[in-house]
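Colleague: The structure under discussion is supplied below as C-alpha cells; questions concerning it will follow.
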Amino acid sequence: MSFTSTDLSPYSSHLIVQSPTPTADRDLDLMSLLLLIMEVVESTITLPRTVTRKAKEPGVLAASHLVDFWDTPGGARSVGCVYVEHRPVGWLPAAADKDQLHHLVIVTTNRDGLTLVTLTDAEHREAIIARFKSGYFTPWRPLPKELLIQAFVAARKMKTLWLSGAHRSTTVKPSAKIISGPDLRDAIDPMGDSTYLAGAVRSEAAGVSLGNSSAWIGPNGDRHALDARTDGVFQAIADAVKATPPQDMAVHAGLARRISDVSLATDCYHVEMASPETLSSGQGLASDLAARFSVELGKATVVKGKPTCAFTAEVTHLADGASAVTAIAPTVHDERVSFVIAQPPAEPFAAWTRAIEGNSSLLRVFYNSGHTISDGALAEARTQDRPFDAFEFADFSGYKVTQEKPPGTTLRLDRMMTVKDQSLFKWIFKEGLPRLKLGAPAPGRCWLFCDDGSSEVADFVHLDTRGPTKTLTLFHAKGANSAKASRCVAPGPYELVSAQATKNLRAFDAKDLLGRVQHRLEKKGKERVWDHPWAVNAPAIADAQPMIDALETLGMDFACRVVIVQPHVLKSKYIASDGTISGTVGARQLRALLSGVESLAKAVSAKLTVVTDQR
C-alpha cells in the first residue's frame, strides 16, 4: 500500500537537530538523513528480544514506503517513510506469530539547516536520540539546551517539571520526582530542590526534553495542522537564536545547574548505578545490568595520567562473584557526559563497560567538589543564591523604625491611636493596611485583631470577609536594629521575626486560630479588635463576637497572607542606583533565610510579603 503526505497526521513530537553546513540541495540532505535513520531503525528492530523460556527472537522490518517530498506553508521541506515492523511477542514462544506494527518517520528541514525528526515509535526514537548524541549522524547535532529553553520555556508558565536527583540515593529524599501546577516558578524550594536537575519541562507553549533535544506539542487532525505546528517550531527557534541566550541558561535558578567544564569535578567519593525507575530512556538495559552486576568506587580514587575527574570502578559479576577494576574518564561535549574507558576489561565485564559508554545515564558519580554526574549530565548541586521578590519597600517617615510597640512597660494599645505614637504597630494599622492593599476594618465585614503577647499567633490578625474571596493576614513586626542611614543589609534582624512567622503558619487552620483568638480575648480583655479604620483616639470595639462568628464560618476557601514588618534593610543598600541587587554575604544570607520562610508559607498556600524601608 502506498501513502501520500496528505494521509499523515502524527503527534507533534520532534527531535530537533541542526547541521552547521547545510547543502544547497535540501532534498539530498533530507534523503541522506532519512536513509541513515532507517538503518538505525532496522538495526533496532532486528535486535533479538526475550520471549517465553528466555529465548531470543529478532524482529523483522517487513516493508517500507517512501512518502514523497512536500513543502510546508512556512517554506520548510519534508520527506517521510511509513514502515512495517513484525515484532516478537514477549509472552509467546519464538515460533509464534509476530505483532505487525505500522510506524512513521518524517524528516523536515528549513534553509538554515535546522531539522526536525518525527518518529511515532518510542523505542525507535530512543535509539535515534542515542545515535545523535554519539555523533553517528554528523554533521547533524542536537540543538543546544539554551535555545530550547529560550524558545519554549522562558517567560512562560511552567506546568510540569521532570526532576532527577543530583544527590546520593537516600530513603528520606526522592531520587527523582515529577511536579505539576499552574506555574511552578514559585513552587521550587530553594533549599530542598537545589539538588535536582531538570530533565524535561512542559510549559504553556510546549514540552521540552533538555537532555534529548526534543519538543512535543500535541496531536494533529491532519497534515495541515502538523505543518502549521512544524512551522511554529522553526519560528520559535529562529526567535530564540536572535535573542542569543547565555550558554548557562537554566530552567530555574533554584535547581542544580548543568556544567560544561569537567575539570571542575575533583575527588570522586562514590559511584552507583542509576535506578531504572528514574531514567527517561534505557530502563530495560539498566534493569538487566542491575540483575547482573554491582559497582562501587575502586580503591584508587586518583588515576595516574588521567584528569582529576577520572576514577576507578570495581564491577562485580553477581553470578560468580568475580570482579574487575576499570579506570573511567568522563568527558563533556555539548553538556552531555561520555565515559571513556581506555582499557576495557574482558567479558563478562566488557558488557557493563559497553553499556555505560553507550548510555552515560546508567552511571551516577559523586565528587567532593560538589559536582555530580547524573542523568547523563555534569551538575553542580549546591544551594545557590536566588532572587527574593517578596520585598515591599515602604515609607516610614514619621515613625521610629526601631520601635515595635507603643511606649510603656506594659502594652497600651490605646496609645497607638494617638498622633504622637511612632511605633510600627501604629504604622501597620494606619499606613500598612492601605499600602498592602488590605481592606480597611469595617463593622460586620473586616476586623483587625492584636494578638501581641506570649504564645501569640501574630502581632496582628487581619480578617476581611468582603468580596468573592475572604482574606486572612498575619502580621509579624520587629524593630530595626538601628535607625542609622549607614546600617547594612544583614540577616540577624530578621531571624527572630522569621521564626515567629514560620512557627505560626499552622494558624491558617481556622479552627486552630479560633481557639487561640478566643483564649487571648478571655485572658487579656476584649479591647483588642477594631472594625473601623485608624483614627485619633478611636477605641477598640467592646464586643469581639462578630469576628469570632466570622472565624467560625470561615471554612477552607480563603486567601492567606503572611506579612513581616521589619524595616532594617534600606532599599538603597539592597538595590544600587543601576538596579543591581546586593551580593554581599549578608544579603545572600538574608535571601536564603527569607526564601526558606517563603517556601514554608507556600506549603500552606500563603503569600509572604516582607516590608522594609524604602530609603
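Colleague: With the Cα gyration tensor of the range 8-243 giving a ≥ b ≥ c as the square roots of its eigenvalues, does the rule (a/c under 1.5 for rounded; else a/b larger than b/c for prolate; else oblate) give rounded, prolate or oblate?
Modeller: Working: a/c = 1.97, a/b = 1.13, b/c = 1.74.
Oblate is the answer for the range 8-243, as a/c is 1.5 or above yet b/c matches or exceeds a/b.
Colleague: At a 1.4 Å probe radius, carbon and sulfur cover how many percent of the accessible area of the chain?
Modeller: Values: 14680 of 27820 Å².
Looking at the chain in its full context, I get 53 percent from C and S.
Colleague: Amide H to amide H, which residues 5 or more places from F393 or on other chains are under 5 Å from it, using H placed in the peptide plane?
Modeller: T612
Colleague: Could you pull out the trypsin sites (Lys or Arg not before Pro) across the range 251-331 that fall in loop regions by DSSP (anything but H, G, I, E, B) with no more than 11 other Cβ atoms inside 10 Å? Don't skip to the answer; put the middle values down first.
Modeller: Numbers: sites: R257, R258, R292, K299, K304; in loops: K299, K304.
Answer by residue number: K299, K304.
Colleague: Hey, got a sec? Which trypsin sites (Lys or Arg not before Pro) in the range 447-515 land in a DSSP loop and have at most 15 other Cβ atoms within 10 Å? If you can, show how the numbers build up before the last one.
Modeller: Details: sites: R466, K470, K478, K484, R487, K503, R506, K511; in loops: R466, K478, K484, R487.
Listed in order of number, the matching sites are R466, K484.
Colleague: Convert each backbone phi in the range 132-148 into a coupling constant with the Karplus relation 6.51 cos²θ - 1.76 cosθ + 1.60 (shift: θ = phi - 60°), then list the ³J(HN,Hα) values in order as whole Hz, x for Gly and Pro.
Modeller: Couplings: 4, 5, 7, x, 4, 9, 3, x, 6, 9, x, 6, x, 4, 5, 6, 5 Hz.
Colleague: Averaged per residue, what accessible area in Å² does the chain show with a 1.4 Å probe, protein chains only? Mind showing how you got there, number by number?
Modeller: On the way: 27820 Å² over 615 residues.
For the chain, the per-residue accessible area is 45 Å².
Colleague: Further question: Report for the chain the percent antiparallel among DSSP-assigned beta bridges with both residues inside it, nearest 5.
Modeller: Working: 99 of 118 bridges.
Taking every DSSP beta bridge with both residues in the chain, the antiparallel ones total about 85 percent.
Colleague: Show me 441-451, 3-13 ranked by packing, highest mean number of other Cβ atoms within 10 Å first. Working shown, then result.
Modeller: Numbers: 441-451: 20.2, 3-13: 16.3.
So the peptides 441-451, 3-13, ranked by packing, come out 441-451, 3-13.
Colleague: Please get the size of the charge dipole for the chain, origin at its Cα centre, with Cβ charges of +1 on Lys and Arg and -1 on Asp and Glu, quoted in debye to the nearest 20.
Modeller: Values: 68 positive and 67 negative charges, 453 e Å.
Value, rounded to 20: 2180 debye.
Colleague: Multiply the residue separation of R354 and S454 by 0.36 nm, subtract the distance between their alpha-carbon atoms, and state the gained length in nm to one decimal. Don't skip to the end; give the middle numbers.
Modeller: On the way: separation 100, 0.36 × 100 = 36.00 nm, distance 6.59 nm.
The span from R354 to S454 would gain 29.4 nm if fully extended.
Colleague: Enumerate the calculated ³J(HN,Hα) couplings along the range 474-490 in order (Karplus 6.51 cos²θ - 1.76 cosθ + 1.60, θ = phi - 60°), each rounded to whole Hz, writing x wherever the residue is Gly or Pro.
Modeller: With coefficients 6.51, -1.76 and 1.60, one gets 10, 9, 10, 10, 8, x, 5, 6, 7, 9, 5, 5, 8, 4, 9, 5, 8 Hz.
Colleague: DSSP loop (so not H, G, I, E, B), at most 10 other Cβ within 10 Å: list which chymotrypsin sites (Phe, Trp or Tyr not before Pro) in the range 59-117 pass both filters. Kindly include the intermediate steps, with their values, before the conclusion.
Modeller: Details: sites: F69, W70, Y83, W91; in loops: W91.
Those that pass, being in a loop and sparsely packed, are W91.
Colleague: Please name whichever of L285, L66, A310 sits farthest to the positive end of the charge dipole of the chain, dipole taken about the Cα centre and charges placed at Cβ: Lys and Arg +1, Asp and Glu -1.
Modeller: Farthest along the dipole direction, towards plus: A310.
Colleague: Helix 510-524 versus the longest principal axis of the chain: what is the Cα-based angle in degrees, 0 to 90, to the nearest 10?
Modeller: 20 degrees
Colleague: Listed here are the pairs K157/K607; K437/K607; K177/K602; K430/K602; K400/K503; which of them are more than 21 Å apart at the Cα? Don't skip to the end; give the middle numbers.
Modeller: Details: K157/K607 18 Å; K437/K607 14 Å; K177/K602 19 Å; K430/K602 27 Å; K400/K503 27 Å.
Correct reply: K430/K602; K400/K503.
Colleague: Measure nothing but the geometry: give the 0 to 90° angle between the long axis through the Cα atoms of 223-243 and the longest principal axis through the Cα atoms of the chain, rounded to 10°.
Modeller: Helix 223-243 sits at roughly 60 degrees to that axis.
Colleague: Further question: Order of 96-104, 340-348 by packing, highest average Cβ count within 10 Å first? Don't jump to the answer; show the numbers that get you there.
Modeller: Details: 96-104: 15.0, 340-348: 12.2.
Going by the mean number of other Cβ atoms within 10 Å, highest first, we get 96-104, 340-348.
Colleague: Looking at the range 391-613 only, what percent of DSSP beta bridges run antiparallel? Nearest 5 please. Before the final figure, lay out each step's value.
Modeller: Numbers: 14 of 33 bridges.
Antiparallel: roughly 40 percent of the beta bridges in the range 391-613.
Colleague: Semi-axes of the equivalent ellipsoid for the range 266-380, please: Cα gyration tensor eigenvalues, times 5, square-rooted, ordered largest first, whole Å.
Modeller: On the way: eigenvalues 80, 61, 30 Å².
In descending order, the three semi-axes are 20, 18, 12 Å.
Colleague: Restricting to Cα pairs below 8 Å that are 6+ residues apart, what does the relative contact order work out to for the range 52-202? Please round to a whole percent.
Modeller: Details: 220 pairs, mean separation 21.4, N = 151.
Here the relative contact order equals 14 percent.
Colleague: Ranked highest first by average number of other Cβ atoms within 10 Å, how do 249-256, 416-423 line up?
Modeller: Most protected by this proxy first, the peptides run 249-256, 416-423.
Colleague: Now a separate question. For L36, L554, give me the order by solvent-accessible area with a 1.4 Å probe, most accessible first, ignoring ligands, DNA and RNA.
Modeller: Working: L36 50, L554 10 Å².
From most accessible down to least: L36, L554.
Colleague: For F293, list long-range residues whose amide hydrogen, built 1.01 Å from N in the peptide plane, is under 5 Å from its own amide hydrogen.
Modeller: So F293 has HN proximity to L318.
Colleague: Pull up all non-local amide H partners of H65: gap of 5 or more, or a different chain, and H-to-H distance under 5 Å with H placed in the peptide plane.
Modeller: V82, Y83
Colleague: Further question on the same structure: Given 20 Å bins starting at zero, what is the percent of C-alpha pairs of the chain in each, up to the one with the largest pair distance?
Modeller: P(r) for the chain, in whole percents per bin: 16, 37, 28, 16, 2.
Colleague: With n ≥ 4 as the cut-off for DSSP H runs, can you work out [θ] at 222 nm for the chain, using -39500 (n - 2.57) per run divided by the number of residues, rounded to the nearest 500?
Modeller: Roughly -7500 deg cm²/dmol at 222 nm, from the helical runs in the chain.
The values are calculated or read from the model by the stated rules, or taken from the named source; none is laboratory data. Computed from a predicted model, the values in this text were never measured in an experiment. Neighbour counts are summed over all protein chains in view; Cβ atoms, including those assigned to glycine, are modelled from backbone coordinates with ideal geometry. When the accessible area is computed, the model is the full protein with side chains, heavy atoms only, and any ligands, DNA or RNA have been set aside. Shrake-Rupley method; radii C 1.70, N 1.55, O 1.52, S 1.80 Å.
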